[in-house]
Amino acid sequence: MPIFPVPDLRKFCILVWTCLLLAPGVTLAQGKTKQAEIYLYQGTDREQKLLDGARKEGTLAIYTSLNPKDAAPIVEAFEKKYKIKVALWRASGEKMVQRALTEARAGRFTPDVFESDGVEMEILAREKMLEEFSSPNFRDLPASAFPKHRLYVADRFNFFTIAYNTNIVKPQDVPNTYQDLLLPRWSGKIGIEAGDEDWFAALVKHMGEKEGLAYFRKLADNHPQIRTGHTLISELVAAGEIPIAAAVYNHAVERLALNGAPIKWKALAPTMGRPGAIGTAKNAPHPHAALLFADFMLSREGQTLIKQRNRVPASNAVDSTLNKFQNQMIDPAIVLDESAKWEKLWGDLFLHGQSVSHKAD
């Protein structure tokens with residue numbers, strides 16, 4: 001199972017790459033494909049046809065932004081179960097998009113499956129790199145796992161929760177609402193990730209734009225510490241360098257807590273989430289294997305492996321303490337279509353007018 005790490009881009013430039021790479025003259029396959037017939041087949045012999053076809057193909061190529069420590073156990077379990085060799089190419093989400101579109105421009109279609117955050121998957125969907133698929137495991141997924149076009153499906157969630165150092169923050173002082181983060185006691189003591197403008201946009205929309213922007217102006221006036229990387233901020237909270245964080249992934253906090261760190265997470269209402277999703281390639285060289293892997297990823301077995309990595313499984317068939325609260329998914333389409341607006345507002349409030357910078361974590 002070869003894994004080829006690629007350095008992250010220094011700037012979040014998904015839209016720029018999209019515009020540059022899909023220049024005039026670049027065409028992708030149109031109309032119904034043989035892959036679509038395989039992906040949407042629902043006959044009674046579906047499982048056997050899928051197994052026979054995948055074993056005949058014998059191999060599978062996956063492009064993902066999921067970190068190797070989390071991806072490797074899933075891939076290894078799939079290889080062991082189905083005796084199909086997997087080539088896993090891993091990079092940051094924007095780098096993955098760049099490579100896929102560059103290859104498509106050259107008429108090369110290597111990946112069979114894409115797995116990444118919702119924004120990157122939405123770009124691939126818009127650029128006709130994905131084909132809708134069907135799976136019997138859809139019955140175990142919540143409605144929030146499916147975008148309207150259904151060209152990809154959430155297989156995991158990243159939830160934004162607060163995190164706090166249990167040696168520093170007294171139980172009675174732990175915030176119960178977002179408004180509590182505005183209290184004077186938290187001045188200069190709150191950590192905020194530098195690239196969370198999508199979380200910001202989603203909360204502002206939920207609150208109402210006028211009220212939401214007023215809230216975040218007050219939060220900015222409380223002098224939060226701005227750092228890059230949710231994992232880094234979680235580690236700084238655990239180390240006591242930052243007492244509390246406004247929005248970090250609860251699965252990252254859980255990992256630290258399970259290792260004995262003095263840190264806990266708490267979900268505030270509304271809790272916003274970023275979907276991580278899987279999609280089958282429109283021009284997949286190995287479509288049977290692609291669908292077989294998508295089935296596996298969304299199955300109870302695959303979702304249990306996600307849970308075992310202390311990530312949040314999308315399936316309701318797998319019980320997890322990391323999703324037992326009301327939540328809302330941040331719409332990747334809104335992130336793309338309104339990115340300039342929210343990046344500008346976020347930058348003005350928290351980054352002294354500088355552009356947004358993202359770090360894969």
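Are there trypsin sites (Lys or Arg not before Pro) in region 286-324 that DSSP marks as loop and that have at most 12 other Cβ atoms within 10 Å, and which are they?
On the way: sites: R300, K307, R309, R311, K324; in loops: R309, R311, K324.
In loop regions of region 286-324 (DSSP not H, G, I, E or B), the sparsely surrounded trypsin sites (Lys or Arg not before Pro) are K324.
Which residues make up the longest stretch of the chain clear of chymotrypsin sites (Phe, Trp or Tyr not before Pro) that lie in a DSSP loop with no more than 16 other Cβ atoms within 10 Å, not counting the sites? Walk me through the numbers on the way to the answer.
Details: sites that count: Y41, F325.
The reported range is 42-324.
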Förster radius 30 Å - calculated FRET efficiency between Q308 and S134, Cβ distance, rounded to 0.05: 0.65
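Give me the compactness ratio for the chain, meaning the Cα radius of gyration over 2.2 N^0.38 Å.
This ratio for the chain stands at 1.01.
Any chance you could run the full-extension gain for A220 through T33? It's 0.36 nm times the residue separation minus the Cα-Cα distance, nm to one decimal. Mind showing how you got there, number by number?
On the way: separation 187, 0.36 × 187 = 67.32 nm, distance 5.08 nm.
Once the chain is fully extended between A220 and T33, it gains 62.2 nm.
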Count charges around D319 for me, please; just the other residues with Cβ under 11 Å from its Cβ, Lys/Arg as +1, Asp/Glu as -1. +3
Region 244-300, Cα convex hull volume normalised per residue, Å³: 142
Global size of region 38-148 as Cα Rg and Dmax, reported in angstrom: 14.9, 39
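Per the helix-only calculation at 222 nm, which mean residue ellipticity applies to the chain, given -39500 (n - 2.57) for every DSSP H run of n ≥ 4 and division by its residues, nearest 500 deg cm²/dmol? Write down the numbers at each step before the final one.
Numbers: 14 runs with 145 residues, N = 361.
Value at 222 nm, helices only: -12000 deg cm²/dmol.
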Semi-axes, largest first, in whole Å: what does sqrt of 5 times each Cα gyration tensor eigenvalue give for region 227-361? 29, 23, 14
Taking a threshold of 26 Å on the Cα-Cα distance, which of the pairs K80/K148; K148/K205; K218/K266; K34/K148; K128/K324; K148/K341 fall above it? K80/K148; K128/K324
Could you grab the Rg to Rh ratio for region 66-220? Cα atoms only, Kirkwood for Rh. 1.06
Give me the one-decimal nm value for the distance between modelled label points at N167 and E338, 7 Å along each residue's Cα-to-Cβ direction. 4.1
Rough spin-label spacing in nm, given labels placed 7 Å along Cα→Cβ, for H352 and Q48: 6.9
For region 132-237, state what percent of all Cα-Cα pairs lands in each successive 5 Å bin, counting from 0 Å until the bin that includes the largest distance. 2, 10, 16, 19, 16, 12, 10, 8, 5, 2, 0
So how long is each side of region 105-194 along the principal axes, counting just the alpha-carbon atoms, biggest first, in Å? 57, 35, 22
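Every number here is computed from the coordinates shown, using simple stated rules; none is lab data. If you're wondering where the values come from, they're calculated on a predicted model, not measured in any experiment. So basically every Cβ, Gly included, is an ideal-geometry build from the backbone, and we count neighbours across all protein chains shown.
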